[in-house]
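The structure appears right after this line, and notes come after that.
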Amino acid sequence: MEATAPKPHKELVKTVQLEGQVLLKIIQHCTEALPQNVTGQLLGLDVGQQLEVTDCFAFPATVADDDAEAESAGANYQLEMMRCLREVNVDNNTVGWYQSANMGTFQTVELIETFINYHENIKKCVCIIYDPQRSSRGSIALKAIRLKESFIELSKEQKLTLKGFREANLSWRDIFVELPIRIRNSNLVQALVADLMPAPTATQADVERLNLSSAPFLERNIQSLLECVDDIVAEQQKVTMYHKNVARQQQMFAAWLAKRRQENQQRQADNLEPLPEEDPATFKPIPEPSMLDNYLVTNQIATYCDQINVAAGETIQKLFLMEGMQKAGL
């Protein structure tokens, strides 16, 4: 009896290892381009379930008026950069891309389409999101994401409807998968940093971390949250209009069917062949609207709520800290 061959196991990326130099390049590019959102290419290797990002380069700003011309120029620049990196013996394997975000806004249809295009040739690809405005509050706002495999299959089958999501057992939380990031520095870099590290004294940046003013940050998040609420209401109106059109079409078909049956009874009385009672060409099924925009907006609302919760928690901690310092007479 022959043994059946085992099915090949499909490994997914679970962690991202980022070189410290790559992180500095991303931060510099995204910060210098404010308030414009920018993007760049990630280079490295995939080792099992870990994606190692060893280098990156920035995409130039688009200056062409024609979209096709701008896309062609960007592709040529990317190929030329890859050729130059290969000549100097630098990792030139594309493993994804990075892009900047504005106050956590990155869940868009364009991001989904970019992921799908990358996935055609690169199964293990990630996108690193860096938010320079949130990072200015004292912590690096960096995250690595990828699309869930079941969502990619659903998108390729063009079943991004409510029925398709329900059959695939997917919700708005199952579109993106956030991956843990590990920053790696070589031993020489760590020795250099330790040698350059100054004496532990309080700096102006340390004092600014105790700033209790969080109103501008919260105002921008709440304003963006209100805009997302308007968008979700508009998406719900599309779904409501779809159900109204389906109900109206069913009523029209029921009236047409009753009339057709009455005609057939008369034709049978006249010894004539009855007319078909099938759905005519005028009653074509109304396509169900895509739920992708609805789910992305819901995901973005959850992001804004998380940012508001974190900002409020940090402010409360600062208040307790300042109260303790006042009581201690510091």
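Scanning the range 139-180 for residues that are outside any loop (DSSP other than H, G, I, E, B) and over 21 Å from ILE122 (Cα atoms) gives LEU142, LEU162, LYS163, GLY164, PHE165, ARG166, GLU167, TRP172, ARG173. Looking across the range 155-189, the residues that are more than 30 Å from SER290 (Cα to Cα), loosely packed, with under 12 Cβ neighbours inside 10 Å and modelled with pLDDT under 85 come down to SER186, ASN187, LEU188. So is GLN251 open to solvent by 100 Å² or more (accessible area, probe 1.4 Å) and either within 42 Å of the chain's Cα centre (by Cα) or closer than 30 Å to ASP293 by Cβ (or both) or not? It is true that GLN251 is open to solvent by 100 Å² or more (accessible area, probe 1.4 Å) and either within 42 Å of the chain's Cα centre (by Cα) or closer than 30 Å to ASP293 by Cβ (or both). For ASN92, the conditions (1) more than 18 Å from CYS125 (Cβ to Cβ); (2) in contact with a helix residue (DSSP H, G or I) (Cβ under 9 Å, 6 or more places away or on another chain); (3) open to solvent by less than 50 Å² (accessible area, probe 1.4 Å); (4) modelled with pLDDT under 80 are fulfilled apart from (1).
Within this structure, ARG86 fails the test of being without any contact (Cβ under 8 Å) to a residue 60 or more places away in the chain and farther than 27 Å from GLN50 by Cβ. Take GLU273 and tell me if it is open to solvent by 70 Å² or more (accessible area, probe 1.4 Å) and either of a type in the set (Gly, Ala, Ser) or not assigned by the TED database to the domain that holds LYS148 (or both). The answer is yes for GLU273. Remark: LEU257 falls outside the filter, which requires a residue to be more than 21 Å from PRO287 (Cβ to Cβ) and either modelled with pLDDT of 85 or more or exposed (fewer than 11 other Cβ atoms within 10 Å of the Cβ) (or both).
Please verify whether the range 133-140 includes one or more residues that are touching a helix residue (DSSP H, G or I) at 6+ places or on another chain (Cβ under 8 Å) and of a type in the set (Gly, Ala, Ser). Yes - at least one qualifying residue is present in the range 133-140. One residue stands out in the range 120-138 among those that are part of a helix (DSSP H, G or I) and farther than 22 Å from GLN300 by Cβ: the one that is most open to solvent (accessible area, probe 1.4 Å), namely ASN121. Taken together, the residues in the range 70-107 that are small (Gly, Ala, Ser), part of a helix (DSSP H, G or I) and in contact with a Phe, Trp or Tyr (Cβ under 8 Å, 6 or more places away or on another chain) amount to 1. Evaluate the following for ALA311: is it of a type in the set (Gly, Ala, Ser), in a helix (DSSP H, G or I), in contact with a helix residue (DSSP H, G or I) (Cβ under 7 Å, 6 or more places away or on another chain) and not assigned by the TED database to the domain that holds GLU113? It is true that ALA311 is of a type in the set (Gly, Ala, Ser), in a helix (DSSP H, G or I), in contact with a helix residue (DSSP H, G or I) (Cβ under 7 Å, 6 or more places away or on another chain) and not assigned by the TED database to the domain that holds GLU113.
Yes or no: the range 283-298 includes at least one residue that is part of a loop (DSSP other than H, G, I, E, B) and more than 36 Å from the chain's Cα centre (by Cα). Yes: the range 283-298 contains one or more residues that are part of a loop (DSSP other than H, G, I, E, B) and more than 36 Å from the chain's Cα centre (by Cα).
Listed by first and then second residue, the pairs linking a residue in the range 123-149 that is among the aliphatic types (A, V, I, L, M) to a residue that is assigned to a loop (DSSP other than H, G, I, E, B) and surrounded by fewer than 19 Cβ atoms within 10 Å (Cβ to Cβ), with Cβ atoms under 9 Å apart and 6 or more places separating them unless they lie on different chains, are ILE129/ALA141; ALA144/PRO180. Could you please let me know if LEU142 is surrounded by 15 or more Cβ atoms within 10 Å (Cβ to Cβ), over 22 Å from HIS29 (Cα atoms) and not assigned by the TED database to the domain that holds ASP293? Answer is no for this residue. Residue by residue through the range 299-314, note down the ones that are modelled with pLDDT of 80 or more and out of contact with any strand residue (DSSP E or B) (no Cβ under 9 Å at 6 or more places or on another chain). Within the range 299-314, ILE301, ALA302, CYS305, ASP306, GLN307, ILE308, ASN309, VAL310, ALA311, ALA312, GLY313 qualify. Taken over the range 276-316, the residue count meeting the criterion of being of a type outside the set (Phe, Trp, Tyr), within 20 Å of ASN102 (Cβ to Cβ), surrounded by 14 or more Cβ atoms within 10 Å (Cβ to Cβ) and in contact with a Leu (Cβ under 8 Å, 6 or more places away or on another chain) is 3.
The values are calculated or read from the model by the stated rules, or taken from the named source; none is laboratory data. Treat the numbers as computed from the prediction; the structure is a model and nothing was measured. Virtual Cβ from ideal backbone geometry, glycine too; neighbours counted across all protein chains shown. Note: accessible area is taken over every heavy atom of the protein model, side chains too, but ligands, DNA and RNA are not part of it. Shrake-Rupley method; radii C 1.70, N 1.55, O 1.52, S 1.80 Å.
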